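A short write-up of the structure that comes next.
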Amino acid sequence: MDFQLTPEEEAFRDDVRAFLDENLPAEEDREPLFMLEWTRKVREQRWVGFSWPREVGGGGGSIMQQVILKEEMAKRNAPQLGSCFMGLAWVGPSIIQYGSEEQKKKYIPEILDGAYQWCTGYSEPDSGSDLASLKCKCVREGDEYVINGQKTWTSIAMWSKMIILLVRTETEVEHKHDGITCLLVAMDDPGVEVRPIRNMAGGAIFAEVFFTDVRVPLENRLGEEGQGWQVTLSALANERSSISEVYGLRSKMEELKELARRTVRAGCPAIENPSIRRRIQRADIRVEAMRLNGLRFITKQLKGQPLGSETSINKLHRASLEIEIGELAMEIAGSASTLTRGADEAPDGGSWAQVALSWPDVVIGGGTPNIQRNIIAERILGLPKD
Amino acid sequence: MSTGCFACRHSEKPIRARMRVLVKRAGSDRLHAPLRRSANQSLRRGARKREHMNFGFSEEQELLRAEVRKFLDQNAALEEVRRIVETPEGFDRNLWNRAAELGWVGLTMPEENGGMGLGLVTLLVVLEETGRSLFPSPLISTVLAAKAIERLGSTDQRARWLPGLADGSKIATFALLEESDNLAPEGISLAAKRDGDVTLLSGRKLYVPDAGSADLFVVAFRSGSGPEDVSLAVLEKGASGTTASDFPAMDLTKRLGKLELAGARVADDAILGEPGTAWPSIRWLIDLGAALVTAEAVGAAEGALELTRDFAKERTQFDSPIGRFQGVKHPLAEMYVDIESYKSLTYYAFWALDEDEPDASLAVSRAKVYASESFPEAGILGVQLHGAVGFTWEYDIQLYLKRAKWLRPMFGDADYHYHRIAAVGGL
């Protein structure tokens, strides 16, 4: 066991720190114009798409360098690297792995520059957890594909210029995972209609997307026809160690403790309430367990072994923690915790009420907890499939 | 393990001899960094070549794991464990001697005292396996007492007691708790009286692991009225005024007993360190004890999960293996999530203890909290998922449940460690 960095890694960390010292002001001093500067500079550093190969414009960072960069960034609450969230998370990696040279040349620089947003058309009304049962119909006509069908729970569809779309190009298949094809489709193509879905927190982040006779040139196919499931899996398998999520949870926990310190209940700061303390500690321990689980995953990657179903461990922890943090905030803040933005009495401007209602974004998206439990039970423990 | 790392891999040489070979190679430039580091203090911060961060084990440690597991599978399967625990001592002397020969007992003891001078992380590998097979032995007790002697004892004291512990000829234990069942310094009230040039100890030590079979007791006693005015002394079995025996207890694979002292004589050369200054070391020993039992709990919980998983695959109801039902498979998945999580916390705690990291104590408490709460849940769930047979003496799952119940209070229960975390971590 060895947690120390090699001299080369230490040198890289020092470089990162020096860059941040010079270019990242304290949070309260980040002026509106700062983001423009920051975006340009981190792009120049090749920190956007840092894990991607240098020849496509990425940073070519090693696994450890990625970890170091994420940690140093998180410690200072640095803004995100790049703004094209899904493009950076899985569209880009899929294009790098399966895309044609033209696709790489066309899309990768725009993803790195954050020229526009991508959204992800996977789920359908009848295909959620059982994604491979998807039906969105796609027929080849000459040198075009014609798409008819519906996607749903498509996050940020209304603000996206492109969608990575899974469609069914063949219906008569022995195995439902066959006959699925992956397409890259422009959202302003005729026949694409977006209807935002209002969520229980009152906002609209995801949408339904309807496709009526949408015509897409064959060269917009990613990977081979019928290879869509594989393309998707390898994109989703682009899992990381959950380091960023851990730091996100850590800072939420710190805010929660701050709330508990300044909230006086029955004459006593909530943080002195034994049951609140215990719950805070339990959550803290789980965040730390996630961090260390993540380090074990990284060790596996460093040994050249791909990560498999074990990433479900931290997804389950994260799901419970996101819910628990919202619940705990309400337990701490009492009646005021139910107030939303606009009420003077709402703690932290009503943001805890938002937290208490926003957990489904994380908990449902990317596989519900029960799906994660199935994955562990079947793929790791070897129990029979349902 | 990918490549052969040394020639004698398939030989019959005991691990200890192989480890010695490796330890001797410490100065070479082969890539055995973690083992070498723990093996040789002088190289600890030296210019050694390291590959990269490794939150896992070296090839040698994995090899040691395989050897320990093989030994236990061959010699201490659960059927044999059941036989052994019914004997008066509760462990098998022959197996104990062989385990000592293989180097398990002296693994972390200093080389000049007959040990192998390896780090706690290497011992962790052994403990995960002894835990998995519920191997009954005074290994943890002896290692912990030896650490007390190593940490506080003089060169002469170490030379006097450690070789006998390293080679397994003597068994030792740490006698800390009393009636108060309180791990704080005020929990130690065993009275000491000065009589000429000796100290006389009178009182009772309770919940002493392996009391009935120990040859040496590292005893905590009160040497003054100041809150932390406590000392440690080494008492030998059978000395006048000492009586030791085991309690009947829930987990038959772990013996707990008492040490009764009625004016037991302690010469000055049997007191470890300056009188009245032992508390910081006792604190550290509690952390170490908590870490050691938690390491065994990781292996034991995996054993419980495996047993229940296998049962769920075989047992058929409603024309299906019950492991197909989500009501069965989901709790098993949750068990896995918890075990992997306190495994990570435990691994880190061992590394932190080895390296004397400032957060070592905090790391131990986090691991012990998680294990103390989760392992008993896993045991209860394991019994439940077995249905009625889980409740029988005949099925093995109950053995794991009892181990989990034994773990809960050992070296601080969850409540104790939550308080420690708040105190150390500043909540």
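The values are calculated or read from the model by the stated rules, or taken from the named source; none is laboratory data. Nothing here was measured: the structure is a model prediction, and the numbers come from that model. Reconstructed Cβ throughout: ideal geometry from the backbone, glycine too, with neighbour counts over all protein chains shown. Side chains included, ligands, DNA and RNA excluded: accessible areas come from the protein's heavy atoms. Shrake-Rupley method; radii C 1.70, N 1.55, O 1.52, S 1.80 Å.
For chain B, which longest stretch is free of loop sites, where a loop site is one of the chymotrypsin sites (Phe, Trp or Tyr not before Pro) that DSSP puts outside H, G, I, E and B and that has at most 12 other Cβ atoms within 10 Å? Counting only loop sites that pass the neighbour cut-off, the longest clear stretch is B:1-317. Any idea how far the Cα center of region A:330-386 sits from the one of region A:91-135, in Å? Each part reduced to its Cα centre gives a spacing of 26 Å.
Between residue B:415 and residue A:172, the modelled label-to-label distance comes to 7.1 nm, taking each label 7 Å out from Cα in the direction of the beta carbon. For residue A:222, the amide hydrogen comes within under 5 Å of the amide hydrogens of A:182, A:183, A:184, counting only partners 5 or more places away or on other chains and with H modelled in the peptide plane. Loop exposure criterion: GluC sites (Glu not before Pro), DSSP state outside H, G, I, E and B, at most 13 other Cβ atoms within 10 Å. Applied to chain B, the longest stretch between such sites is B:180-393. GNM remark for chain B: springs join alpha carbons under 10 Å apart, and the peak mean-square fluctuation among B:402, B:147, B:193 falls on B:193.
Using only side-chain charges placed at the Cβ, +1 for Lys and Arg and -1 for Asp and Glu, the dipole size of chain B relative to its Cα centre rounds to 960 debye. Each Lys and Arg Cβ is given +1 and each Asp and Glu Cβ -1; about its Cα centre, region A:125-262 then shows a dipole of about 920 debye. At an R0 of 35 angstrom, the distance between the Cβ atoms of residue B:78 and residue B:320 translates into a FRET efficiency of 0.80.
A 1.4 Å probe run over the protein chains yields, for region B:54-203, 35 Å² of accessible area per residue, whole-number rounding.
Within the accessible area of chain B, the carbon and sulfur atoms contribute 51%, probe 1.4 Å, all protein chains present.
Chain pair B, A: how much accessible area is buried, both chains summed, with a 1.4 Å probe, in Å² to 100? So the total buried area for this chain pair works out to about 4600 Å².
Going 7 Å from the Cα of residue B:229 along its beta-carbon direction, which residues of region B:187-221 have the amide nitrogen within less than 20 Å of the resulting point? Residues B:187-204, B:219-221 qualify, since their backbone N sits under 20 Å from the label point.
Label sites at residue B:405 and residue A:29, each approximated as a point 7 angstrom past Cα along Cα to Cβ, lie 6.2 nm apart.
A simple rule links phi to the HN-Hα coupling: the Karplus curve 6.51 cos²θ - 1.76 cosθ + 1.60 with θ = phi - 60°, which for region A:265-273 gives 10, 6, x, 9, x, 4, 5, 8, 6 Hz, with x for Gly and Pro.
So which trypsin sites (Lys or Arg not before Pro) in region A:271-376 end up in coil per DSSP with only 12 or fewer other C-beta atoms within 10 Å? Listed in order of number, the matching sites are A:303, A:341. Proximity of backbone amide H atoms, modeled 1.01 Å from N, is registered between residue A:265 and A:270 at under 5 Å, excluding neighbours fewer than 5 places apart on the same chain. Angle of helix A:7-23 to the longest C-alpha principal axis of chain A, folded into 0 to 90 degrees and rounded to 10: 80°.
Give me the distance between the Cα centres of region B:353-427 and region B:117-145, rounded to whole Å. If we compute the Cα centre of each part, the gap is 17 Å.
Here the Kirkwood formula puts the hydrodynamic radius of region B:172-277 at 13.7 Å, using every distinct Cα pair.
Over all pairs of different C-alpha atoms in region A:239-380, the reciprocal of the mean inverse distance, the Kirkwood hydrodynamic radius, equals 16.3 Å. FRET efficiency for residue A:224 and residue A:255, Cβ-Cβ distance as r, R0 = 41 Å, nearest 0.05? After rounding to 0.05, the efficiency reads 0.30.
Helix A:243-262 axis versus longest C-alpha principal axis of chain A: approximately 30°, rounded to the nearest ten.
Got a sec? Which residues of region A:341-378 lose 20 Å² or more of accessible surface with every protein chain in place, vs. that chain alone, 1.4 Å probe? Residues passing the criterion (a loss of at least 20 Å², heavy atoms only) are A:370, A:373, A:374, A:376, A:377. Note the angle between two axes, namely the Cα long axis of helix A:101-113 and the longest principal axis of the Cα atoms of chain A, as a number of degrees from 0 to 90, rounded to the nearest 10. Helix A:101-113 sits roughly 20 degrees off the main axis of chain A. For chain A, the per residue solvent-accessible surface stands at 47 Å², with DNA, RNA and ligands left out and a 1.4 Å probe. Surface composition of region A:277-386: carbon plus sulfur atoms contribute 50% of the solvent-accessible area (1.4 Å probe, protein chains only, all chains present). Quick one: Debye curve from the alpha-carbon atoms of the protein assembly as shown only, equal weights, vacuum; give me log10 I(q)/I(0) at q = 0.05, 0.09 Å⁻¹ to two decimals. Values, matching the q order: -0.32, -0.99. Computed 3J(HN,Hα) for region B:313-330, one whole-Hz value per residue from the Karplus formula 6.51 cos²θ - 1.76 cosθ + 1.60 where θ = phi - 60°, is 6, 8, 5, 10, 9, 6, 6, 8, x, 5, x, 7, 6, 5, x, 9, 6, 5, glycine and proline marked x. Taking the Cα of residue A:215, stepping 7 Å toward and past its beta carbon, and measuring to each backbone N in region A:113-157: which are under 12 Å? Counting only backbone N, you get A:141-147. Dipole magnitude for the protein assembly as shown: about 1200 debye, using +1 per Lys or Arg Cβ and -1 per Asp or Glu Cβ, origin at the Cα centre.
Helix-only arithmetic for the protein assembly as shown: the sum of -39500 (n - 2.57) across DSSP H runs with n ≥ 4, divided by the residue total, places the mean residue ellipticity at 222 nm at -14500 deg cm²/dmol. The 3J(HN,Hα) values that the Karplus relation (6.51, -1.76, 1.60; θ = phi - 60°) gives for region B:147-157 are, in residue order, 5, 4, 5, 5, 6, 9, x, 6, 4, 5, 5 Hz. Gly and Pro appear as x.
Along the axis of the charge dipole computed for chain B (Cβ charges of +1 for Lys and Arg, -1 for Asp and Glu, origin at the Cα centre), the listed residues B:199, B:130, B:81 are led at the positive end by B:130. For a label point 7 angstrom out from the Cα of residue A:161 toward its Cβ, which stretches of region A:170-186 have the backbone nitrogen within less than 18 Å? It comes to A:184-186, nothing else. For residue A:19 and residue A:335, the FRET efficiency from 1/(1 + (r/R0)^6), where r spans their Cβ atoms and R0 equals 30 Å, is about 0.05. Would you please give the residues with an amide H less than 5 Å from that of residue A:84, counting only those at least 5 places away or on a separate chain, with H modeled from the backbone geometry? Hits under the 5 Å cutoff: A:114.
Within 10 Å of the Cβ of each residue in A:282-295, the mean number of Cβ atoms contributed by other protein chains is 6.
Annotation note: trypsin sites (Lys or Arg not before Pro) in region B:292-387 located in DSSP loop regions with a Cβ neighbour count of at most 16 within 10 Å are B:315. Projected onto its three principal axes, the C-alpha set of region B:280-425 covers 59, 26, 23 Å, listed from the longest axis down.
Solvent-accessible area assigned to carbon and sulfur over region A:7-82 amounts to 48 percent, based on a 1.4 Å probe. Here is the list for region A:189-228: trypsin sites (Lys or Arg not before Pro) lying in DSSP coil, each with at most 14 other C-beta atoms within 10 angstrom of its C-beta, are A:198.
Projected label points at residue A:244 and residue B:245, each 7 Å from Cα along the beta carbon direction, are separated by 6.5 nanometres.
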